[in-house]
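Read the structure below first, then the notes.
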Amino acid sequence: MSTQAVSEALARIREENADLVDVRFTDLFGMWHHFTIPAKNLHSEAFEDGLGFDGSSIRGFQAINESDMLLIPDPESLFFDPFHEYKTAVLICDIEDPITRERYSRDPRYVAKKAEQYLRSTGIGDTAFIGPEAEFFVFDEMRYANSAQGAFFQIDSEEAHWNSGEEGSLGYTHRPKGGYFPCPPADRLQDVRSDMMLNLEIVGCEPEIHHHEVGSPGQCEIDVRFQTLLRMADNLQKFKYVVRATAAEHGLTATFMPKPVYGDNGSGMHVHFSVWKNGETIMVDETGYAGLSEAARFMIGGILHHAPALLAICAPTTNSYRRLVPGYEAPINLIYSARNRSACVRIPMFSKSPKAKRIEFRAPDPTANPYLAFSAIMMAAIDGIQNRIEPRKPIDKDLYELPPLEKADIPQTPGSLRATLDALEADHLFLLKGDVFTEDLIKTYIAWKRENECDQIDLRPHPYEFYLYSDA
C-alpha cells in the first residue's frame, strides 16, 4: 500500500476528530467481525505491522495451535460509522500470517483481490463491475428457539396479511405476494428505508433507489450503484450492516434470510455483471441476441455450466433452497433470456446504451459471502470464455408455463445445499485458476458447511413433521 494513502487516512481521522477506530474483517462464511481501539493509538506502523487477533476463534480459520494472525488495515477502505455515540472511524482489513507475513489463503478479501488480478492476467479484461440487488425483510418481531424438547420460530409485521383481522387493525396490510410498490400508508417502511438510504450515503455506498418488494410482510430492496468487484464486496458488507443497524434504531429487525416467510416470496440477490477493457465494455455486439457479444454469451455459458457448484457459494444456506423452488419468481431454470425473470440468467433491457449492457445472475441470495460469491461468478464467466462454452438457446417464454415435455428438457438448480456442496466438490478446477481459490479453502468451506449446517438441520425433527407423522 502507498504511504500517501496511509497518511491521507490518518489525516482524515484526525480532521474528523474521531474518538475511536473500528477494525473489521470478514470470516470464511461472510460474517463481519470487529474490535475497537482509541483513535490516538492508531499510527502508520499499524498499516505495516498489523494488529493481532485470535484466528482460532473465527469460523473456518485457524486451529488453536496456530491461532495468532494479523489484520492489515486498508487505508482506502476508511469510512465513518453513523450509529455510535462516539465518533468512530472504520477500517476494513486484510489478513496475514504473522510469521511468514504471507497473505492468508482463507481470507475472503484476498480471494477477491486475486480474482481481479487474474482477470487482468488473462487479457480478457481489466475491470469487472458488479451490481447486486440484495433483498431483505424488516419485521416488528422475530423470535426462535431450539432445544431437545421443542423448537419454534415466530415472526410478525404490521404489514402482514395475517394481521388484517386483529383488533385495532386499520386494514393497511398486503395480500401474500402483494407488496410490490404500494404507497403509504400500506407501505409502512418508507421512512425506515429512507433512513437506511441516507446512512448508506454516509458510509460511502451510493444508493440509487429504494422500494417495498413483493413479499407482503416487510420485504424491501435498496439498490446501490455498481462498483468494481473488491469495492462492491466491501460495500455489500457495509450495506448489510447499515440495514440491520438502522432497523434496530427503529425498534425493528432486518434479516437477509432467503426464505423467512412460508407462502410468500423469498429474498434473492440478483448479481449484475459486466467486464470492461481499456475503458470499453466487452459485452456488446448489436448483431447478437439481446445485443450481447460472443464473449458475453460465453460468460453466460460458463455461469450456467458451473451453476450447481457456484450455488454452494452464491446460495450457501439450507434456507436458500426454500427459495429456489418452482413458483415465487424463483430463478431455478438453467437457461438465459432477455427480460425474462423466470430464467436463471437474464439480460436487462431497460437501456439501449452500450455501457449498460450486462448479464444478471438471479439465483444468488444475500446470505452469500460477497467476496467469494462475486469472485466465483467471475471465474465461471472467464472459464466460459476460455473454453467457448455455448449456453443452451435462450427461451423468451414464461418458463413456469411451458408444457411438461418442453420443460423436462431444461436443467434446474439443485434442490439442496448438500447437493450444491457435492457439485462444488466435483467441479471446482475453474476456481483454482490463478490461485484465486485454493484447494484448502474449498475443502474447509465444504466440510464446515456439511457438518455445521446440513448435518445439524438433518438431525433435528421439523415442526411440520409432527403434523404429518405424529399419528402414523
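Computed from the coordinates by the stated procedures, all read-outs in this text should not be read as laboratory data. If you're wondering where the values come from, they're calculated on a predicted model, not measured in any experiment. Heads up, the Cβs are rebuilt from the backbone with ideal geometry, glycines too, and the neighbour counts pull from every protein chain shown.
Using alpha carbon centroids, what distance separates the range 191-230 and the range 31-74, in Å?
Between the Cα centres of the range 191-230 and the range 31-74 lies a distance of 30 Å.
Excluding residues on the same chain fewer than 8 positions from residue 177, give the lysines whose Cα lies under 29 Å from its Cα.
Result set, ordered by chain and number: 238, 240, 259, 397, 407.
In debye, nearest 20, what is the charge dipole magnitude of the chain about its Cα centre with +1 on Lys and Arg Cβ and -1 on Asp and Glu Cβ, if you could check? Each step should come with its number before you reach the end.
Working: 47 positive and 70 negative charges, 264 e Å.
Taking the Cα centre of the chain as origin, the dipole is about 1260 debye.
What GluC sites (Glu not before Pro) in the range 1-75 are in a loop by DSSP, with at most 15 other Cβ atoms within 10 Å of the Cβ?
16, 45
State, to one decimal in nm, how far the label point of residue 349 lies from the label point of residue 408, with both points 7 Å from Cα in the Cβ direction.
Computed distance between label sites residue 349 and residue 408 equals 3.0 nm.
In the range 250-294, what chymotrypsin sites (Phe, Trp or Tyr not before Pro) fall in a loop by DSSP, with at most 10 other Cβ atoms inside 10 Å? Please report the intermediate quantities before stating the final value.
Numbers: sites: 256, 262, 273, 276, 289; in loops: 256, 262.
Filter output for the range 250-294: 262.
What is the set of long-range amide H partners of residue 335 at a cut-off below 5 Å, with H atoms built 1.01 Å from backbone N?
344, 345
Between the range 358-394 and the range 425-443, how many Å separate their Cα centres?
15 Å
So, with +1 on the Cβ of K and R and -1 on the Cβ of D and E, and no other charges, what is the size of the charge dipole of the range 3-104 about its Cα centre, to the nearest 20 debye?
180 debye
Do any GluC sites (Glu not before Pro) in the range 205-294 lie in a loop, going by DSSP, with at most 14 other beta-carbon atoms within 10 Å of their beta carbon, and if so which? Provide the component values of the computation, followed by the final result.
Working: sites: 208, 213, 221, 249, 280, 286, 294; in loops: 213, 286.
Counting only loop positions with at most 14 other Cβ atoms within 10 Å, the GluC sites (Glu not before Pro) in the range 205-294 are 286.
Give the distance, in whole Å, between the Cα centre of the range 105-181 and the Cα centre of the range 1-18.
Going from one Cα centre to the other spans 34 Å.
Which residues does a label at residue 341 reach in the range 213-233, if reach means a backbone N under 12 Å from a point 7 Å past the Cα toward the Cβ?
From the range 213-233, the list is 213-215.
Once you have the Cα-Cα distance between residue 43 and residue 262, take 0.36 nm times their residue separation minus that, and quote the gain in nm to one decimal.
Numbers: separation 219, 0.36 × 219 = 78.84 nm, distance 5.11 nm.
Difference between extended and current length: 73.7 nm.
Contour minus end-to-end for residue 248 and residue 33, with contour as 0.36 nm per residue of separation and end-to-end as the Cα-Cα distance?
Working: separation 215, 0.36 × 215 = 77.40 nm, distance 1.82 nm.
75.6 nm is the gain from fully extending residue 248 to residue 33.
With θ set to phi - 60° and the Karplus curve 6.51 cos²θ - 1.76 cosθ + 1.60, what are the ³J(HN,Hα) couplings of the range 265-276 in order, to the nearest whole Hz, using x for Gly and Pro?
Values per residue, Gly and Pro as x: 5, x, 9, x, 9, 5, 9, 8, 9, 8, 10, 10 Hz.
Once you keep just the Cα pairs under 8 angstrom separated by 6 or more residues, what percentage relative contact order results for the range 320-463? Intermediate results must be reported in sequence, preceding the final value.
On the way: 137 pairs, mean separation 33.5, N = 144.
It rounds to 23 percent for the range 320-463.
Please compute the contact order of the range 35-142 in relative form: average sequence separation of alpha-carbon pairs under 8 Å and at least six residues apart, divided by the residue count, as a percent.
Working: 113 pairs, mean separation 16.0, N = 108.
Normalised by residue count, the contact order of the range 35-142 is 15 percent.
Below 8 Å, C-alpha to C-alpha, sequence gap of six or more: please give me the relative contact order for the chain in percent.
Working: 937 pairs, mean separation 67.7, N = 472.
The normalised contact order for the chain reaches 14 percent.
If you place +1 on the Cβ of every Lys and Arg and -1 on the Cβ of every Asp and Glu, how big does the dipole about the Cα centre of the range 259-377 come out, in debye to the nearest 20? Numbers along the way, then the final one.
Working: 13 positive and 8 negative charges, 29 e Å.
It comes to approximately 140 debye.
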